[in-house]
Amino acid sequence: MSLNAFWDFLVLGVVLGCLYAVIAIGYTLVYGVLQLLNFAHSEVFMFGGFGGLMALTVWAPAPDPSGAQSVLYVVVGMLAGAAFGGVVAYGLEKVAYRPLRRHKAPRLVFLITAIGASFFLYNLAGKLFGRNSLSMPDMYENKRVFSFFGAELSVTMILIVVSAVGMMIGLDYVVNRTKLGSSIRAVAQDPEVASLMGVNIDKVVSRTFVIGGLLGGAAGFLFGVNNKVVYTMGFLPGITAFAAAVLGGIGNVRGAMLGGMLLGIVETLTVYFWGEEWRYVAGFAVLVVVLMFRPTGLLGERLGRTA
Amino acid sequence: MLNKTFVKLAAPLAISALALTGCGSDSGGGGDTIKIAFQGPLSGDNVQLGTNMENGIKLAIDQANASGDYDFEIEYFPTDDQGQPDKATAAAQKAIDEGVIAVIGPAFSGPADTAAEVYAEAGIPAVSSSATRPDLTTKGYESFLRAVPNDSAQGAGMAKYFDQATDAEKVVVVDDKTDYGVGLADVAEKELTAAGIEVVRQSVPQKTPDYSAAARSVVGQKADGLIYAGYYEDAGPFATKLAEAGFEGTTMSGDGTNDMGFVKLAGDAANGWKLTCPCTDPTQEDATKAFADDYQAEFNQAPGTYSAESYDVAQMIIAQIAETGGAESDSEKLLESLRGVEYKGLTKTFSFDDKGEFKNQTIYMYEVQDEKIGYVGNIDELAAE
């Protein structure tokens, strides 16, 4: 195939990478403050997809919406997804992890709880929402295709990239420039000293979960638009995004963004060169190779610092 | 006097009546209740296909019990394998432990392959109305009968259609890496090649989270047609992404996609997809109209893929139980009788060759139009036109 096709795939890879990056941030933030691998984050993501779908089912989009209506539908869906994700993440921290922290449970217990919470949440979703795959209602005319230096872009692709980049910039600002961000970084660097300095650790941890949940939920909505919504949808993207967080250096927010982007591109180009069944082989091979030479990930595990 | 005669006459009657009712309640406690199992996906991703069949079977059993034609009661026993091969053995064992006389299913090919052995050991006839992978009948599973044309017939039908009803010169065949998908794609590829059509084979594993890249690579092949061998859960997003990527060739898929779930997922991107199936449309053919109405009344939805076929298989089994002694029948006698059966159901005539393969191999064509799956007709007749 031609250079043109390669460029097409590269653009698709960036779109997928944007999704992975936003999910990966949720893993990395929580790891930063708690050194906890929150495997249930993939379920937060899944609930975000259902949240968006529910909002748009209750308030069904009109057929042939105008431009302004389309924007409104997308915004409502994404906010609902983010809200769902945030609520689930908040509940998760309150119910599953906080009691463990209070009792100073060993690290392994946290990990097992995370896996258990993940199983619980996705089976709960299967019970609540049914086990059939569902698709998002049409919110806009997706036929229109823009040309971007030869690569064809659909409305969905543009929606994903614009909103994901927006979220990443916003998050970077929050972590680096706000008071909440500096308290998150303080807790990540040294929880004891942070608490001596008057930082309320419980509050910071809780807010960190919510921020990760908001982003994960919004990503779940975008993912549902791009593919479908089903109670098992969290698993594969969740694992990949976790790998992305490790690839970029877990605990490092910009690392997670870089890792997600890289994995999305590698996976999609793998489909171009070798076919769909090699997607995860290549993605995880990159992870292994990078960790062999840089065990702390591309940008390093700089807990509490973001660049 | 009158009283005496009355007693004389009445006493034996009363006694025999007592004996009769006693007999009835005795065996009613266990003897003449016969259990028929259904093994298929009753939860998990492909639950819709399982529900279609389950409802057909339930309807057949309810009607048989209500008809009063039989001296035994049929009890339905569902056993769930989620359509997964690794859950199939346990599901089969559950049915065997329950003491069922026969099982309808396993519904999917992968589970059928792992469970058929278990049923064979227990000597319980397993009659699948939907497991279509060709090699299931060549492995010597002794109690497995296939009551549906296999994928060779379906793949051959697809190839025949592309060869004779379209001008396609290059077709992309995509499988989903499942037993069913690979089996169907293999046959389609072979038959298309034999017909002189260039084939590009690709695999897109089930549950791929992003179909954009796969769709883009199909478009990049510049082919005139596409065959997707897989289930509707993945065909839905794939169809959406193909439309988005601007694929304009003829798109076709098999019975795994022939479900309204596909149309719901893909929306208007599903329009124009041609779907083959060994199944007829019960709402279209005269013979099955009454069935479709009963089904609608009972379950408040139209019958789906394989509903009517499963109904037929259940009725066939019940009829053969009656034939082999009703309450006295057992799995061995039933299997023997099923092997030689020539049963005329609503959808087709059921008979099996010595390997348990279905004798009648007709394939039907459907097409999605205006977000509905419309029945087109017999594929042999369509290709000949």
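The values are calculated or read from the model by the stated rules, or taken from the named source; none is laboratory data. Fair warning: this is a prediction, and the values are worked out from it, not measured in the lab. Note that we place each Cβ from the backbone using ideal geometry, even for glycine, and neighbour counts take in every protein chain shown. We work out accessible area using only protein heavy atoms, side chains counted, and drop any ligands, DNA or RNA first. Shrake-Rupley method; radii C 1.70, N 1.55, O 1.52, S 1.80 Å.
Below are the figures for this structure:
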quantity: Lys, Arg +1 and Asp, Glu -1 on Cβ, resulting dipole of the range A:67-186 about Cα centre, debye, nearest 20; calculated: 840
quantity: Too-long pairs where the Cα-Cα distance tops 25 Å, listed order kept, from B:Lys160/B:Lys274; B:Lys190/B:Lys241; B:Lys58/B:Lys94; B:Lys274/B:Lys348; B:Lys170/B:Lys264; calculated: B:Lys190/B:Lys241; B:Lys170/B:Lys264
quantity: Top positive-direction residue, dipole computed over chain B with Cβ charges, set B:Ala245, B:Thr349, B:Thr362; calculated: B:Thr349
quantity: Residues A:Val95 and B:Asp293, FRET efficiency given R0 of 41 Å [Cβ-Cβ distance, rounded to 0.05]; calculated: 0.25
quantity: Sequence-distant aspartates and glutamates (8 or more away, or on other chains) whose Cα lies within less than 19 Å of A:Lys104; calculated: A:Glu93, A:Asp190, A:Glu192, A:Asp202
quantity: Dipole magnitude of chain B about its Cα centre (Cβ charges: Lys, Arg +1; Asp, Glu -1), debye to nearest 20; calculated: 360
quantity: Amide hydrogen neighbours beyond the local backbone of B:Ile34, cut-off 5 Å, H modeled; calculated: B:Glu73, B:Ile74, B:Glu75
quantity: Value in Å of the Kirkwood radius, where the protein assembly as shown supplies the Cα pairs that are averaged; calculated: 27.6
quantity: Gyration tensor (alpha-carbon) shape descriptor, the range A:86-176, a/c threshold 1.5; calculated: oblate
quantity: The range A:180-307 - percent of accessible surface contributed by carbon and sulfur, probe 1.4 Å; calculated: 68
quantity: Estimated Rh, chain A: Kirkwood, alpha-carbon pairs, angstrom; calculated: 19.6
quantity: Greater than 20 Å apart at Cα, pairs in A:Lys127/A:Lys228; A:Lys228/B:Lys207; A:Lys94/A:Lys228; calculated: A:Lys94/A:Lys228
quantity: Accessible surface, the range A:219-283, averaged per residue in Å² (probe 1.4 Å); calculated: 25
quantity: DSSP-loop trypsin sites (Lys or Arg not before Pro) across the range A:121-184, with at most 15 other Cβ within 10 angstrom; calculated: A:Lys143, A:Arg144
quantity: Relative contact order [Cα under 8 Å, 6+ residues apart], the range B:222-265, whole percent; calculated: 58
quantity: Gyration tensor (alpha-carbon) shape descriptor, the range A:172-261, a/c threshold 1.5; calculated: prolate
quantity: Accessible carbon and sulfur surface of chain B relative to its total accessible area, %, 1.4 Å; calculated: 48
quantity: Mean separation of Cα contacts under 8 Å, 6 or more apart, over the residue count of the range A:171-307: relative contact order %; calculated: 26
quantity: Estimated Rh, the range A:32-158: Kirkwood, alpha-carbon pairs, angstrom; calculated: 16.9
quantity: Summed buried accessible surface, chains A and B, 1.4 Å probe, nearest 100 Å²; calculated: 2400
quantity: Beta bridge orientation in the protein assembly as shown: antiparallel %, DSSP, nearest 5; calculated: 35
quantity: Viscosity 0.692 mPa s, temperature 37 °C, Stokes-Einstein D of the range A:48-88 from Kirkwood C-alpha radius, µm²/s; calculated: 323
quantity: Whole-angstrom gap from the range B:107-163 to the range B:223-278, using each part's C-alpha centre; calculated: 24
quantity: Once the Cα gyration tensor of the range A:76-119 is diagonalised, semi-axes √(5λ) in Å; calculated: 26, 11, 6
quantity: Whole-number accessible area per residue in Å² for the range B:62-139, which is evaluated in the context of all protein chains at 1.4 Å; calculated: 37
quantity: Rounded, prolate or oblate (a/c below 1.5 giving rounded, otherwise prolate when a/b exceeds b/c) for chain B by Cα gyration tensor; calculated: prolate
quantity: Relative contact order of chain B, defined on C-alpha pairs under 8 angstrom at six or more residues apart (%); calculated: 17
quantity: Scattering curve values for the range B:150-280, log₁₀ I(q)/I(0), Debye with Cα scatterers, q = 0.09, 0.13, 0.17 Å⁻¹; calculated: -0.20, -0.44, -0.78
quantity: Computed [θ] at 222 nm, deg cm²/dmol, chain B (DSSP H ≥ 4; -39,500 (n - 2.57); rounded to nearest 500); calculated: -15000 deg cm²/dmol
quantity: Candidate aspartates and glutamates for bridging to B:Lys355, where Cα separation is under 19 Å - those fewer than 8 sequence places away on the same chain excluded; calculated: B:Asp113, B:Glu117, B:Glu121, B:Asp135, B:Glu142, B:Asp151, B:Glu332, B:Glu336, B:Glu342
quantity: Residue-averaged [θ]222 nm for chain A, counting only DSSP H segments that reach four residues, each worth -39500 (n - 2.57); calculated: -24500 deg cm²/dmol
quantity: Farthest positive-ward along the protein assembly as shown dipole, Cα basis, beta-carbon charges - from A:Ala194, B:Val100, A:Ala105; calculated: A:Ala194
quantity: Of all DSSP beta bridges in chain B, antiparallel share, percent nearest 5; calculated: 30
quantity: Size of charge dipole - the range A:8-127 - debye, nearest 20, with Cβ of Lys, Arg +1 and Asp, Glu -1, no other charges; calculated: 800
